[in-house]
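Student: Below: one structure in structure tokens.
The values are calculated or read from the model by the stated rules, or taken from the named source; none is laboratory data. Computed from a predicted structure; not experimentally measured. In this analysis, Cβ positions are derived from the backbone assuming ideal geometry, glycine residues included, and neighbour counts consider all displayed protein chains.
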Amino acid sequence: MPPELAVSGAQEHRPAGMKVIIVDDSKEYMMLARRLLARAMPDVEVTEYDPEQQGIPGPNFEWSIYDALLLDYDLGTVENGLSWLQRFRDIPGFPPVILMTATGDEYVAARAIKLGAAEFIKKADATPERLAALIAVAVAERQAQRTQPERHIHRKLEEDQRIVESVSSLGEQTPDGRRIGYRFVRLIGQGANSRVYLAERMKDRTTLVLKIIDVAAIKEPNILQRFIREAELLAQIESQYVVRFIEHGFTQKYGYIAMEFFTRGDLKQRIEHGIAVNEAVLYLEHIAYGLHAVHRQGVIHRDLKPGNIMFRSDDSLALADFGISRRLDETSDITRLGSVLGTPNYISPEQAIGGVVDIRSDLYSAGIIFYEMLVGRKPYRADNAPALVYQHVHAPIPYLPHALRRFQPIIEMLLAKDPNDRFATAKDLLAGLSAITRVPNIQNN
């Protein structure tokens, strides 16, 4: 699971009559935030708190009456939002915090999460739906923590602590005697065989994502092989359009992959809120650059989807999650015989039926994503995975609305059922885009 906060569907489960407090030194922004919240949460009660006028809340301030706190980083005072978070976070009943900034800084985002913030958001990204979803998820997570059986909480804490102690500067060494040197911050994702943590590298205090696999608990050798392969593939790819690999290794009990931390979420979130046509074209261009870098190393991604396309604090895009990627020259696949890997909404016809897969399969997935960015919905929809797979294999290529018809040739070339009818490479895709939008093509890089 990529390191982002899942917000899909959060609005449908939003508690009624919520109370939100906004702490900001800008009266204008507090008014704007109030209006944004009111549009998505008509029954919300909003309290505005100006730290320059009202000062720092005293010990008797009733934080517990609020369901969520929108806290600005730049408070215009001696202390900033991080200072407030550190000062008040341990008070009983202190509400979940969503830290806001005007500029979007990776260091600030990392520090906020380390100090216990539920989420970080750039003010420019604050739409009614986005704010409501973040608040709903933060409140739901806080409620789940309060209502979980105590025994389950202790078991989870003990398990996390066991991993933290094993993979830390004070814990195990790698077989060659190196200290790994990470400080764990919090668990941010969990799969069937791995855990993903927000962590800090001790030697330079770099915030990163640490993917951990429990070697002793793995019963299927293929799972461990895929983990090793993911690390090896990431180590070979150097591109600003691909997640930055930091290092990987094994202790006696655990394997780990260290990767960069993304502060601005994934493409899935942006599609949910609507993407302008020029942004969709730009994102497809950058996806193509990333695929070019991946394919140049002889690697197929095989699970390209909006949730695996991440954004950094400077809004640059990168492809992530190479858990089921493989090399083009591999003669066998590390999976169970007859199984199909990938995500049904974005899977190519040949991958869906277990056929031969090459780089053109990734281009098909990019075509599904491009259509979804332009139209706001997926080209093929069904109630179950088999029906969806059938459409990928047999349904006609969908037509774009009339206003977007100039991009139909790109869609036709990306979503062709026969791989031989698609763009042959990501460079060819960029050339096709350039013919329509004058996107610069890759030369010799």
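Student: Whether any residue in the range 283-295 is in a loop (DSSP other than H, G, I, E, B) and hydroxyl-bearing (Ser, Thr, Tyr) is what I want to check. Please lay out each step first, then the result.
Tutor: Taking the range 283-295 as the starting set, the residues that turn out to be in a loop (DSSP other than H, G, I, E, B) are none.
For the range 283-295, residues in a loop (DSSP other than H, G, I, E, B) and hydroxyl-bearing (Ser, Thr, Tyr): absent.
Student: For the range 399-411, give me each residue that is exposed (fewer than 15 other Cβ atoms within 10 Å of the Cβ) and in contact (Cβ under 8 Å) with a residue 12 or more places away in the chain.
Tutor: PRO401, ARG406, PRO409
Student: For the condition modelled with pLDDT under 90 and closer than 29 Å to HIS402 by Cβ, what is the one hit in HIS273, HIS286, HIS301? First the steps, then the outcome.
Tutor: Working: HIS286 fails: modelled with pLDDT under 90; HIS301 fails: closer than 29 Å to HIS402 by Cβ.
The conditions single out HIS273.
Student: What number of residues within the range 241-279 are of a type in the set (Gly, Ala, Ser), assigned to a loop (DSSP other than H, G, I, E, B) and crowded, with 17+ Cβ neighbours inside 10 Å? Break it down into steps so the answer makes sense when it comes.
Tutor: Applying the first criterion (of a type in the set (Gly, Ala, Ser)) to the range 241-279 yields 249, 255, 258, 265, 274, 276.
Subsequent filtering for residues that are assigned to a loop (DSSP other than H, G, I, E, B) retains 265, 274, 276.
Cutting the leftovers down to crowded, with 17+ Cβ neighbours inside 10 Å gives us 265.
So the count comes out to 1.
Student: Select from the range 52-79 the residues that are surrounded by 20 or more Cβ atoms within 10 Å (Cβ to Cβ) and out of contact with any strand residue (DSSP E or B) (no Cβ under 6 Å at 6 or more places or on another chain) and list them in ascending order.
Tutor: Hit for the range 52-79 is LEU75, nothing else.
Student: Check THR343 against each of (1) under 19 Å from ILE237 (Cβ atoms); (2) among the hydroxyl-bearing types (Ser, Thr, Tyr); (3) at pLDDT below 85 and name the one condition it does not meet.
Tutor: If we test THR343 against (1) under 19 Å from ILE237 (Cβ atoms); (2) among the hydroxyl-bearing types (Ser, Thr, Tyr); (3) at pLDDT below 85, just (1) comes out false.
This table checks each residue for (1) part of a loop (DSSP other than H, G, I, E, B); (2) assigned by TED's automatic domain parsing to the domain that holds LEU304; (3) over 24 Å from ARG270 (Cα atoms).
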| site | (1), (2), (3) |
| --- | --- |
| TYR371 | no, yes, no |
| LEU374 | no, yes, no |
| PRO379 | yes, yes, no |
| ALA387 | no, yes, yes |
| TYR390 | no, yes, yes |
| TYR399 | yes, yes, no |
| ILE411 | no, yes, no |
| LYS417 | yes, yes, yes |
